[in-house]
Amino acid sequence: MARPNLALPGQPRSTLATVTSLLPYLWPKGDRGAHVRVVLAVGCLIAAKVATVYIPLVYSHAVDALSPKNSFVVIPVALIVGYGLLRVASAGFGELRDAVFASVQQRTVRRVAVETFQHMHRLSLRFHLDRQTGGLSRAIERGTAGVQSVLRLAVFNVVPTLLEVLMVTGIIWRLFDWRFAAVTLAAVSVYIGFTVAFASWRVHFRRTMNDVDSEANTKALDSLLNYETVKYFGNEAHEAQRFDDAQRRYETAAVKTQVTLNMLNLGQAAIIALGLTAIMLMAANGVQDGSMTVGRFVLVNTYLMQLYQPLNFLGFVYNTIKQGVVDMEQMFRLIQVEQEIADRPGATTLAAHRTHGTPGAIVFDDVHFGYRPDREILHGISFTAKAGAKLAIVGPTGAGKSTLSRLLFRFYDVTGGRVLIDGHDIRDVTQSSLRAAIGVVPQDTVLFNDTIRYNIAYGRVGASQAEVERAARLAQVHDFVVRLPEGYDTKVGERGLKLSGGEKQCVAIARTILKDPRILILDEATSALDTRTEQEIEAALRNVSADRTTLVIAHRLSTVVDADEILVLVDGRVAERGTHASLLARDGVYARMWRLQAEQAAVDRPETEVIAAE
Ligand SMILES: Nc1ncnc2c1ncn2[C@@H]1O[C@H](COP(=O)(O)OP(=O)(O)O)[C@@H](O)[C@H]1O
Ligand SMILES: [Mg+2]
């Protein structure tokens, strides 16, 4: 079991601190039902243990009543019936406790999981790009399982057992004297100490066993997958050797695991026997000198035997809790990772939808930015896009075009200068209102593994079928969808891979149309379309962008001819700016790019009509 290395900041906390951090979840503010349940469960826990502790007491009284003190024996019916009832109570309250606590426990697990999940979405794009998503979701999965097992074992095992040890020691002290109590406590302490120490030493063998096991499996699988290669080189013996190596290590680890378990059990039994013998010798002395009845002799024995029962699982419990705490800790540390991009206190809201406001005015004011401090990508970019204007950004790949859109969307904060929308620095408005105001059709569209309808409606959760179809028509994807056997219910596959690049882009455009934002960013939104579809969609996009501020990042210049201003971005600097006509007249970078593409288009024309570009 290789654990994902999440490389999280912060120091690991102690086991106790981690377990304590669960407490607020067990006592959720304002949830009266949960409070009642917790109190009830604690009540049941105590009741169960009181009943358990009384069982040997009643038993010993019954023994005394049966021993022929006087010449006749009375059958102690009440005592025996009482004994039976106590046994029922002991078990019954135990079960009741579990039942009452179950919903608190599961609620806690759910809340912790959801909180972590929400936090994942709050964390920055930088955080997510730096980590494997699979690792994060596994951390949540393991963490919740950890919470589950820590709660269950702590509440149902450790706490009740400790309570029982305390109660039994107290009773023995009262009934006999402090020496009996001291021996009992000492025996239990030695037992616990030995078990915990031994179990934590032993866990290492078990882990090796699991690791080696999965390694052997991987090797076997890989070897069989490469069946042909093995044959080409006649390496069957070599493969068998490698497999056997892994198996041999498994064998060693497995034997060690078994032998140490036997040693653990043996040690535990020896400690029990020692404690029992000592205490019974003391009791036998008491019986002999008449200070103690036979019932009392039976009583100490029963108490010790009863105490050792739950302690039997201690090794397992200890290791499980330890592992659970490690897994929980991982998850809690995820929750503690600070938000890189956070709302400023008192951040204002930006008008979001077109219906609520006019198109947004965008200003980039001497913006500097680098993903890493040692490599600046944008070196002082300034431009203004008036409300409703169409601004185009063109330039070679890697120039920083998409980076501009990420800054506007505030996936990252600028390292110098500022970005304004409607005169507000975007760091002064809430992220949710900022993002609601901007629609992005990204360069690489990924879709949810769900239906086409779901993916389009994602632009505005709860949109009706009619609205979805309207958006799909505008994005030129409706006709394609209705021709599919399952229409809008067609599943798009993982990350949308069952659709062609162009179809995916159309779906992405449709869902942005549905979002109806005041600012539209098209990041090479039509790059995967063939020229004809692109022209069709261009018309649609022109409609859509008519009364919004639009930022078009394009690679094919034919799509930006009508822009109010065109920026030519080269290596993070604005190399040229102006309208299409003025840039052509200038005969610089843009004019060169334009000529090149025109030639290309002339050469490609016959194919591009039928074959999708890229
Ligand atoms: N998350 C990232 N971390 C580090 N560097 C990045 C990251 N994203 C992009 N870059 C780099 O920033 C530069 C600009 O990227 P980008 O804005 O996507 O270019 P383009 O103009 O083609 O859209 C590229 O050199 C790219 O390698
Ligand atoms: Mg890009």
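The values are calculated or read from the model by the stated rules, or taken from the named source; none is laboratory data. All figures in this text were calculated on a predicted structure; none of them were measured in a lab. We place every Cβ from the backbone using ideal geometry, glycine too, and count neighbours over all the protein chains shown.
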Point to revise | Matching residues, segment 82-126, being of a type in the set (A, V, I, L, M, F, W, C) and either at pLDDT below 85 or in contact with a Phe, Trp or Tyr (Cβ under 7 Å, 6 or more places away or on another chain) (or both) | key: L86, V112, L125
Check your understanding: Are any residues in segment 477-525 among the basic types (K, R) and within 23 Å of S402 (Cβ to Cβ), and if so, which ones?
Key -> R495, K504, R511, K515, R518
Check your understanding: Filtering segment 418-435 down to residues that are within 26 Å of V461 (Cα to Cα) and in contact with a helix residue (DSSP H, G or I) (Cβ under 8 Å, 6 or more places away or on another chain), which residue is nearest to ligand 1 (Cβ to nearest atom)?
Key -> I426
Check your understanding: Right, T302: at pLDDT 85 or above and closer than 11 Å to P56 by Cα or not?
Key -> yes
Check your understanding: What are the residues in segment 388-417 that are part of a loop (DSSP other than H, G, I, E, B), within 12 Å of ligand 1 (Cβ to nearest atom) and out of contact with any Phe, Trp or Tyr (no Cβ under 9 Å at 6 or more places or on another chain), if any?
Key -> G395, P396, T397, G398, A399, F411
Practice item. Check whether at least one residue in segment 237-260 is in contact (Cβ under 8 Å) with a residue 60 or more places away in the chain, assigned by TED's automatic domain parsing to the domain that holds D64 and not in a loop (DSSP other than H, G, I, E, B), and report yes or no. Key: yes
**Study point:** Test result for E524, in the same structural domain as A554 (by TED's automatic domain parsing) and more than 36 Å from the chain's Cα centre (by Cα)
**Key:** no
Study note, to complete from the structure: Within segment 489-521, the residues that are under 30 Å from the mean Cα position of the chain (by Cα) and outside any helix (DSSP H, G or I) are T490, K491, V492, G493, L497, K498, L499
Revision key, fill the gap. Note: among Y458, Y454, just one is free of Cβ contacts under 8 Å to residues at least 24 places away in the same chain and within 18 Å of V492 (Cα to Cα), namely Y454
Check your understanding: Which of the following residues is surrounded by 13 or more Cβ atoms within 10 Å (Cβ to Cβ), in contact with a Leu (Cβ under 8 Å, 6 or more places away or on another chain) and either of a type outside the set (K, R) or assigned by TED's automatic domain parsing to the domain that holds A591 (or both): A389, A399?
Key -> A399
Check your understanding: Right, H61: surrounded by 12 or more Cβ atoms within 10 Å (Cβ to Cβ) and assigned by TED's automatic domain parsing to the domain that holds V325 or not?
Key -> yes
